[in-house]
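*Asks:* Below are the structure tokens for one structure; questions will follow.
Readers should treat all values here as calculations from the given coordinates under stated rules, not as data from a laboratory. This is a predicted model, so every value here is computed, not measured. All Cβ positions, even for glycine, are placed from backbone atoms using ideal geometry, and neighbour counts span all protein chains on display.
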Amino acid sequence: MTVNCSPESAPQQTPVVDHADDNLSVTLYPEQPRVERPLTISLRLLPQVQPELSRVSGVNMNMGHMPVQWQQVSPGVWQAQIILGACTEPVMRWRVTIPLTGELGDLPPVYAFEFVTDASAHESSIP
């Protein structure tokens, strides 16, 4: 499921920065992504670069592909909100694949990154 996120509703939690340089940065909110909870992905690109319809997929277990639709919140800043499905694996590794268009310069035409969800961390925090 993909839901667009407006800048007014962006979470105020500590971000996890997956990648950052002058041309591209990816930040995840919340700090520890969880299944069946909203996850906001923030993408900062050069203003002349745009992300296309992207996808998230399971790496260590086939979960199919979920679409990631970006909403521009300011020049060069894009956000998407997704909800990841739960599965039988307590620790899941996920890959987000982002096709890029525009004046890419040194950027690749497709950027991908991975992150982990840990269902056991969630269960241990419930009283």
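*Asks:* Could I have the simple spin-label model distance between ARG44 and GLN32, label points 7 Å from Cα toward Cβ, reported in nm to one decimal?
*Replies:* 2.6
*Asks:* So, one more: How large is ³J(HN,Hα), in whole Hz, for each residue of segment 69-82 in order, when computed from phi with the Karplus curve 6.51 cos²θ - 1.76 cosθ + 1.60 and θ = phi - 60°, using x for Gly and Pro?
*Replies:* So the J values, rounded to whole Hz, are 10, 8, 10, 6, 9, 6, x, x, 10, 10, 9, 9, 10, 10.
*Asks:* Starting from the amide H of TRP70, placed 1.01 Å from N in the peptide plane, find each other amide H under 5 Å away whose residue is 5 or more places distant or on another chain.
*Replies:* HN-HN under 5 Å from TRP70: SER54.
*Asks:* Take the Cβ-Cβ distance between ARG95 and SER120 as r, set R0 to 25 Å, and report the resulting FRET efficiency rounded to the nearest 0.05. Before the final figure, lay out each step's value.
*Replies:* Details: r = 21 Å, r/R0 = 0.84.
That pair, ARG95 with SER120, gives E of 0.75.
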